[in-house]
Amino acid sequence: MNRPGVSTLLCLLGLSVMAACGSPAPSTRPVAAGSTSSVRIGPFTQVFATSLPADPAQAKIITDFREAQVLWVKSNSAWHLVAPIAAYVTGDALSHLDAATAHDKSADVVPAGTDRLFLTRVTAIAGSTATVTTCDDSSKYEFENPSTRQVNPAFTPPRDQAYLFETWHMVQLSAHWAISSFSVATLPDRAAQPCQPSA
C-alpha cells in the first residue's frame with residue numbers, strides 16, 4: 001500500500017467493506033448474537049474476528065465501532081462521504097477519512113481482498129468517551145481499479161506493516177458511539193508485537 005504516513009496508512013486501510021458506486025447493497029452473513037461476523041461487498045471482505053463482549057455497554061460500543069468501519073470504507077470506495085457517516089465518524093477521524101477518499105479517487109482505486117480485525121476490545125469507558133483497541137491483519141488487503149478490476153501492486157503493504165495495532169477513540173453522539181480520532185502502531189513499535197503472526 002502507498003503509505004506516506006501513519007495517518008494516511010490507516011485511512012487507506014479498508015477497515016470495512018463497500019464497493020464502488022452502483023454496486024449491490026452490503027450482504028452480511030447471518031451470525032448468532034455475540035459471534036464473529038464478516039461483510040462482503042463486491043471484491044472486498046471485512047472480517048470482525050472477535051465476538052461481541054457479554055457486557056451490554058461494551059457490546060454497544062463495539063457494534064457502533066463495526067458500523068463506523070463499514071461506513072468508513074463505504075465512503076472510501078464511493079470516493080465521497082456517505083450518509084450516515086457523520087453519526088459514526090466525527091472530528092479528526094472524519095477529516096482523515098475525507099482526505100483518504102480524495103486520495104483513493106485520485107489514484108483510481110477501491111478496496112479489494114480481505115481485511116481482518118481481531119483481538120478487538122473496549123479498553124476504557126469514561127462517561128461519553130471510550131477507547132477501542134484492535135489488531136488489523138491487512139496481509140490480504142488490496143486496492144483495485146474499479147473499471148478494470150486489476151489490482152494495483154503499488155498499494156501492497158510492506159510485509160512488516162501488514163499487521164497493525166490500532167487505537168480508536170470514541171465519543172457518544174446522540175444514540176451512537178462515533179470514532180473521533182485514532183492512532184496506529186506498526187513494527188518496530190512494541191505495541192504492534194502482539195498483532196504479529198508469530199506472537
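The values are calculated or read from the model by the stated rules, or taken from the named source; none is laboratory data. None of these values were measured; they are calculated from a predicted model. Glycine gets a Cβ as well: all are built from the backbone with ideal geometry, and neighbour counts include every protein chain shown.
Among the numbered conditions (1) in a helix (DSSP H, G or I); (2) touching a Leu at 6+ places or on another chain (Cβ under 8 Å); (3) polar (S, T, N, Q), tell me where S77 comes up short.
With (1) in a helix (DSSP H, G or I); (2) touching a Leu at 6+ places or on another chain (Cβ under 8 Å); (3) polar (S, T, N, Q) applied to S77, the lone miss is (2).
In the stretch 98-119, which residue that is in contact with a helix residue (DSSP H, G or I) (Cβ under 6 Å, 6 or more places away or on another chain) and closer than 18 Å to F182 by Cα is surrounded by the most Cβ atoms within 10 Å (Cβ to Cβ)?
Residue satisfying both the conditions and the ranking: A100.
Can you pull out every residue in the stretch 160-187 that is out of contact with any strand residue (DSSP E or B) (no Cβ under 7 Å at 6 or more places or on another chain) and either among the aliphatic types (A, V, I, L, M) or closer than 21 Å to D115 by Cα (or both)? Can you show your working first?
Looking only at the stretch 160-187, we keep the residues that are out of contact with any strand residue (DSSP E or B) (no Cβ under 7 Å at 6 or more places or on another chain), and these are 160-161, 172-176, 187.
D160, Q161, L173, A175, L187, listed by residue number.
For I179, are the conditions met, namely being of a type in the set (A, V, I, L, M, F, W, C) and over 18 Å from the mean Cα position of the chain (by Cα)? Before the answer, list the steps.
Details: of a type in the set (A, V, I, L, M, F, W, C): yes; over 18 Å from the mean Cα position of the chain (by Cα): no.
Here the answer is no, as I179 does not meet what is asked.
Going through the stretch 133-159 one residue at a time, which ones are β-branched (V, I, T), closer than 21 Å to T45 by Cβ and in contact (Cβ under 8 Å) with a residue 24 or more places away in the chain?
Taking the stretch 133-159 first, the residues β-branched (V, I, T) are 133-134, 148, 151, 156.
Next, from what is left, pick out any that are closer than 21 Å to T45 by Cβ: 134, 148, 151, 156.
Passing the criteria: T134, V151, T156.
This table checks each residue for (1) of a type outside the set (D, E, K, R); (2) within 15 Å of the chain's Cα centre (by Cα).
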| residue | (1), (2) |
| --- | --- |
| S75 | yes, yes |
| P84 | yes, no |
| A93 | yes, yes |
| H103 | yes, no |
| D108 | no, no |
| R116 | no, yes |
| S138 | yes, yes |
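Kindly indicate whether any position in the stretch 26-33 is surrounded by fewer than 23 Cβ atoms within 10 Å (Cβ to Cβ), out of contact with any Ser or Thr (no Cβ under 7 Å at 6 or more places or on another chain) and either modelled with pLDDT of 85 or more or under 20 Å from P157 (Cα atoms) (or both).
Taking the stretch 26-33 and keeping what is surrounded by fewer than 23 Cβ atoms within 10 Å (Cβ to Cβ), we get 26-33.
Within this subset, residues satisfying the condition of being out of contact with any Ser or Thr (no Cβ under 7 Å at 6 or more places or on another chain) are 26-27, 30, 32-33.
Okay, now just the ones that are also either modelled with pLDDT of 85 or more or under 20 Å from P157 (Cα atoms) (or both), so none.
No, there is no match, as no residue in the stretch 26-33 is surrounded by fewer than 23 Cβ atoms within 10 Å (Cβ to Cβ), out of contact with any Ser or Thr (no Cβ under 7 Å at 6 or more places or on another chain) and either modelled with pLDDT of 85 or more or under 20 Å from P157 (Cα atoms) (or both).
Return the only residue of V82, V73 being touching a strand residue (DSSP E or B) at 6+ places or on another chain (Cβ under 6 Å), at negative phi and of a type in the set (A, V, I, L, M, F, W, C). If you could, list the steps in order and put the result at the bottom.
On the way: V82 fails: touching a strand residue (DSSP E or B) at 6+ places or on another chain (Cβ under 6 Å).
Step by step, each of V82, V73 is checked, and only V73 is touching a strand residue (DSSP E or B) at 6+ places or on another chain (Cβ under 6 Å), at negative phi and of a type in the set (A, V, I, L, M, F, W, C).
Being touching a helix residue (DSSP H, G or I) at 6+ places or on another chain (Cβ under 8 Å), surrounded by fewer than 22 Cβ atoms within 10 Å (Cβ to Cβ) and closer than 22 Å to V47 by Cα is the filter here; which residues of the stretch 122-132 pass it?
Residues of the stretch 122-132 that are touching a helix residue (DSSP H, G or I) at 6+ places or on another chain (Cβ under 8 Å), as a first pass: 122, 125, 130, 132.
So of that shortlist, the ones also surrounded by fewer than 22 Cβ atoms within 10 Å (Cβ to Cβ) come out as 122, 125.
Scanning the stretch 122-132 gives a single hit, V122.
Please determine, by comparing only the residues of the stretch 83-97 that are touching a residue at least 60 places away in the same chain (Cβ under 8 Å) and part of a loop (DSSP other than H, G, I, E, B), which one is surrounded by the fewest Cβ atoms within 10 Å (Cβ to Cβ).
T90
Return the only residue of L52, L71 being buried (at least 19 other Cβ atoms within 10 Å of the Cβ), over 14 Å from the mean Cα position of the chain (by Cα) and modelled with pLDDT of 80 or more.
Answer to the check: L52.
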